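No lab work stands behind these numbers, since they all come straight from the coordinates. Being a predicted model, the structure only gives us computed values, none of them experimental. Cβ atoms come from the backbone with ideal geometry, glycine included; neighbour counts cover every protein chain shown.
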Amino acid sequence: MGRHMLDERTADRILSGVLAPEDAPPGYAEVATLLSAAHQPPVPQELARCSQTVAAMAGAVAGTATTARSPFVEGRRRAR
C-alpha cells in the first residue's frame, strides 16, 4: 500500500472520532474505527475492574506488581 497524505481537516476528523470509517481515506478505515470507538463512553464491563486495574498499574510503576488475570483475556485462545 502506498502512502496517503492527510490534510489537516481530515486528520482532525479522524482523531476526534467523527469521521466514519467508510468515509476515511484509503488505508485509514481501521484507524477511524478504532478512534471512533475510543471516543465512546465506557460500558459497564470496562468499568467493572477499574479499581483492580488502577492498583495493578500503580504496582507496576512502583515495582511491586502482582499478576492479575482478566476474565476477558482468560477465555481467549493464545496464538501459537
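Quick look at the numbers
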| item | result |
| --- | --- |
| Contour minus Cα-Cα distance for residue 9 and residue 22 (0.36 nm per residue) | 3.0 nm |
| Residue 54-residue 37 pseudo-label distance in nm [points 7 Å out on the Cα-to-Cβ vector] | 2.5 nm |
